[in-house]
Amino acid sequence: MERGIVLKFQKNSLTASLIKRISLILVCGVVLFAVFYHFVFPTYYYWRLERPVKQTEQLIKTGRKKFPTAIVVTKVSRAGLTETTATDELTLRLARAGIKLNTFWVSEQTLTAARQQKTSQRLFKQTKQQNEFYARFFIHGDDFYLVGTSIPDFTQMATILFPLLLLATLVFLGLVITLLVVAIRRQLIRPIKELEQTTRQIAQLNFSTKPKSFDNELGALTASITQMQQNLQAHETELLTRNQQLKDFSANLAHELKTPLAVMQLLVDSERLGLENPQLLPELDQQLKRMNELITELLAYSRQLQQDVAREELDVVTFFEQQQEQLLDQDFVIHLQLEPAILNTNRALLQLIVQNLITNALKYSTQPQLVITGRVLETRYEWRFENSAEPIAAETFAQLEKPFVVGETSRNDQLSGHGLGLAIASQAATALGGTLQLEQTAQLFRAILSLPR
């Protein structure tokens, strides 16, 4: 047993909505066709068949004698013409032309109108035929004319033609609608479904499938989805990188905190065991200072980018002279070679950068001096911090701006570092719209700070 074709659509299907709307258009078309058939078409039908008769009348009045073959033209002398004679004479002439009418009569009103140079028109039923005879009466010259033609009965003709016309109309509309639905499904709905499947995969963070490209209006939508896919993929990669950095940061932080705590625990345990250690309190004090410095640096590292970067005008030379005065080690010498300039920047963040770079030089420089040069560029101001230092392995040097990365052992026991200084300085430079670049040669370490003017 064969089953009929059943169309199944999902809820709010675009295809189902389209078919419903087209079906509504089809129903409206059938209604309009019925109205046209009942009112408009009959009027047009009679007007079309009456037109040759009126044209023939004009030909007679202009003196022409050649008329259309389907038009009956007959005349009688107007002299002494009465209702009876006009009716008899015209009936005879119509019979000779093969036209037999059920009731034919030329009334006095028709003759009177003709004598006044007016045209009268009437519609007669033909004998034994389902036709009508349309006639026009008028006088031209010395003759009384009858011009007419047989008109097939509209009702009978329409009864025959209407089913055929309706069937042809329905078949035509059905074919057009089918082709339209197929074309729309192929050109619009199917590509949209493919794009919908692609966006579902993107929503599941699956970027393996690339959207198909189209040469029509869907091309712009495809380009937007492709751009969105690339942005999301880049964002996901960035998040994964940040997540890994956070894991590394947490591991390093735990290690940095564990070291002083382990030393303190060892000192406390030795005291409990009765082992005399005259350096107990100094060692505890040093480890507490180490933890305090670590926590202070961590707070600076985590909070600096959360602050609003309020800018103010700042004199470069005066600012660096103030930083020089705050040195902990008076034996450490800073040589300033600065071009004068006024910068519009944030004092706190710039101070954070400079202090960390100076402290880094104080910890690791092989000679107790640091050279700071500054020069004005077109749109930026550039500082170079240079100090002597032992070379660092290239692999370690490339990661110096990451948290807890220490290049070498500090030469200042009182300022041993945790590897956060350069990371803090790099983040602060980015917050100010600048850059921090590190370089090294055989016996020289250089930090280049560039900020917008």
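The values are calculated or read from the model by the stated rules, or taken from the named source; none is laboratory data. Keep in mind the model is a prediction, meaning the values are calculated, not measured. Note that each Cβ is placed from the backbone with ideal geometry, even for glycine, and that neighbours are counted across all protein chains shown. Quick note on the areas: whole protein, heavy atoms, side chains included, nothing else; ligands and nucleic acids left out. Shrake-Rupley method; radii C 1.70, N 1.55, O 1.52, S 1.80 Å.
Worth a mention:
- Residue among 99, 60 that alone is open to solvent by less than 50 Å² (accessible area, probe 1.4 Å), touching a His at 6+ places or on another chain (Cβ under 6 Å) and over 28 Å from residue 178 (Cα atoms): 60
- Filter pass, residue 124 being in a strand (DSSP E or B), in contact (Cβ under 8 Å) with a residue 40 or more places away in the chain and in contact with a strand residue (DSSP E or B) (Cβ under 6 Å, 6 or more places away or on another chain): no
- Residue 24 satisfies every condition listed in (1) in a helix (DSSP H, G or I); (2) surrounded by 11 or more Cβ atoms within 10 Å (Cβ to Cβ); (3) not charged (D, E, K, R) except (2).
One line per residue, one yes/no per condition, for (1) at pLDDT below 90; (2) in contact with a Lys or Arg (Cβ under 6 Å, 6 or more places away or on another chain); (3) under 17 Å from residue 321 (Cα atoms):
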residue	(1), (2), (3)
342	no, no, yes
351	yes, no, yes
365	yes, no, no
401	yes, no, no
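- Counted residues, the range 104-116 - those being in contact with a strand residue (DSSP E or B) (Cβ under 7 Å, 6 or more places away or on another chain) and open to solvent by 90 Å² or more (accessible area, probe 1.4 Å): 1
- Pair list, Cβ under 8 Å, 6 or more apart: the range 80-99 residue farther than 13 Å from residue 137 by Cα, other residue surrounded by 14 or more Cβ atoms within 10 Å (Cβ to Cβ) and among the basic types (Lys, Arg): 94/100
- Test: residue in the range 55-64 that is at pLDDT 80 or above, assigned to a helix (DSSP H, G or I) and of a type in the set (A, V, I, L, M, F, W, C): yes
- Neighbours by Cβ (under 6 Å, 6+ apart or cross-chain): first from the range 58-74, under 18 Å from residue 90 (Cα atoms); second open to solvent by 50 Å² or more (accessible area, probe 1.4 Å): 60/140; 72/97; 73/67; 74/93
- Tallying residues that are assigned to a helix (DSSP H, G or I), touching an Asp or Glu at 6+ places or on another chain (Cβ under 9 Å) and hydrophobic (A, V, I, L, M, F, W, C) within the range 65-95 yields 0.
- Residue 106 vs. criteria assigned to a strand (DSSP E or B) and farther than 18 Å from residue 150 by Cβ: no
- Picking from residues in the range 370-399 that are of a type in the set (A, V, I, L, M) and in a loop (DSSP other than H, G, I, E, B), the one that is modelled with the highest pLDDT is 377.
- Residue within the range 119-136 that is aliphatic (A, V, I, L, M), open to solvent by 60 Å² or more (accessible area, probe 1.4 Å) and within 18 Å of residue 70 (Cα to Cα) present: yes
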